[in-house]
1. Looking only at Pro371, Pro248, Pro169, which one moves most when the chain is put into a Gaussian network model with springs between Cα atoms under 10 Å?
2. So between Ala245 and Thr219, what do we pick up on full extension, going 0.36 nm a residue minus the alpha carbon distance?
3. Note the full-extension length gain between Asp36 and His359 as 0.36 nm times their separation in residues minus their Cα-Cα distance, in nm to one decimal.
4. Rounded to the nearest 500, what is the 222 nm mean residue ellipticity of the chain from helices alone, with -39500 (n - 2.57) per DSSP H run of 4+ residues and division by all residues?
5. Helix 32-44 versus the longest principal axis of the chain: what angle, 0 to 90°, nearest 10, using Cα atoms?
6. For the pair Glu187 and Thr43, how long in nm is the line joining their label points, each one 7 Å along Cα→Cβ?
7. HN-Hα J couplings of region 195-200 from phi, Karplus 6.51/-1.76/1.60, θ = phi - 60°, integer Hz, Gly and Pro as x?
8. Which value, in debye to the nearest 20, describes the size of the charge dipole of the chain about its Cα centre when Lys and Arg Cβ atoms bear +1, Asp and Glu Cβ atoms bear -1, and nothing else is charged?
Amino acid sequence: MNLIKAIVDRQDAYMAWRRNLHAHPELAYQEHRTSDFVAAKLTEFGIPVTRGLGKTGVVGSLTSGIGTRRIGLRADMDALPLQELNKFEHCSREPGTMHACGHDGHTVMLLAAAEYLARTRDFDGTIHFIFQPAEEGEAGAKAMMKDGLFTRFPVDGVFGLHNWPWLAPGHFVVRNGPMMAAMDIFEATLRGRGGHAAQPHLTVDPIVVASLLIQSWQTVISRNVDPLESAVVSVTQIHAGNAWAVIPEEVVLRGTVRTFNPDVQQKIEHRLQEIGQGIAVAHQCNFDWRYERRFPPTVNSPRETEWAAQAASRVFGEQGIRRDVAPSMGSEDFGWMLLEQPGNYAWIGSGGSGDCLLHNPYYDFNDEIIPAGASYWVTLAQQFLHNVALS
Ligand SMILES: [Zn+2]
Ligand SMILES: [Zn+2]
């Protein structure tokens, strides 16, 4: 690997920063301490800071030379509502809140790059360091954009990076086109008529109807979606009843849909509702329906993907780059940024053991990859702004 030595030399400090953030995780739009930390570091590096985009978002803007190109580098700062089960010294001090997705590491990798670039000024153009809140399901990217992120800080390309524990350190995935799926959520309420469980004929039992509905929804993927398309329908919550012998009045079902193709998304939304209504009517239940499109798919643009690949191959070597990995049905709110701007979202190998996957209560960001991630950011910004011809 071709790491930037000045960054490697600062690794002890970066590890301490990362562990500090890990010990003090904050949930969506409550990243006050974290954004204070980020703003203080950027200021210390001499980078002008703008705060308050998307409530707790931070943007640092750095210009050097006479170049007119502009690049956005984005990291996420939020943690998850999850109880950490690790016992090490830097484990979460906040009950029920945990950095289980490595956003503590993402924040530090971008800070490390900012420190190096601010000190060397070895680039020509403008870099916007974007620290966003609320990536985990709460659309912090969209909130920053609503507050004028790209009108106040225009870019020619925007780039994102996520640690990927399924891949060993020293590896990097860069992919053109779809990378992560769109995420929608749905909620169905089936209202019947409650009563004694021993007299079901005098009730309208919404539990039986819910079980039919869950089964029937599965046919949307198997019978309505083109087999060559990728899509997921998962019912993830069933809420009903709290007694042995009472048929409840209502059942609430919730779940998520993942797609890449807008036509498929449209069809699934329509069919879930149609099947729900049909089954409810057939069994004398009321049916209330809510469907929300939360994140668009994360789709990389071809030219920016080549910039990302070129920077990554400089840092990781050609043998470290994987371009053939399938997209993930997981989702990312960076997709919002890529709807408006050309850019690329990539995965950096962080190689955990079996119990160290994302969103796991034993997860911990692998500090070893901080210099590689920061070196990637620096190389990408330098090459993109110098407009070095793509090889
Ligand atoms: Zn996550
Ligand atoms: Zn994440």
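1. For the chain, modelled as a Gaussian network with Cα springs under 10 Å, the answer is Pro248.
2. Answer, rounded to one decimal: 6.2 nm.
3. Result: 113.8 nm gained on full extension.
4. -10500 deg cm²/dmol
5. Result, in degrees: 10.
6. Using points 7 Å along Cα→Cβ, the separation is 4.0 nm.
7. Coupling constants for region 195-200: x, 6, 5, 7, 10, x Hz.
8. For this selection, approximately 500 debye.
Every number here is computed from the coordinates shown, using simple stated rules; none is lab data. Every value quoted in this text rests on a predicted model; they were computed, and no experiment measured them. Virtual Cβ from ideal backbone geometry, glycine too; neighbours counted across all protein chains shown.
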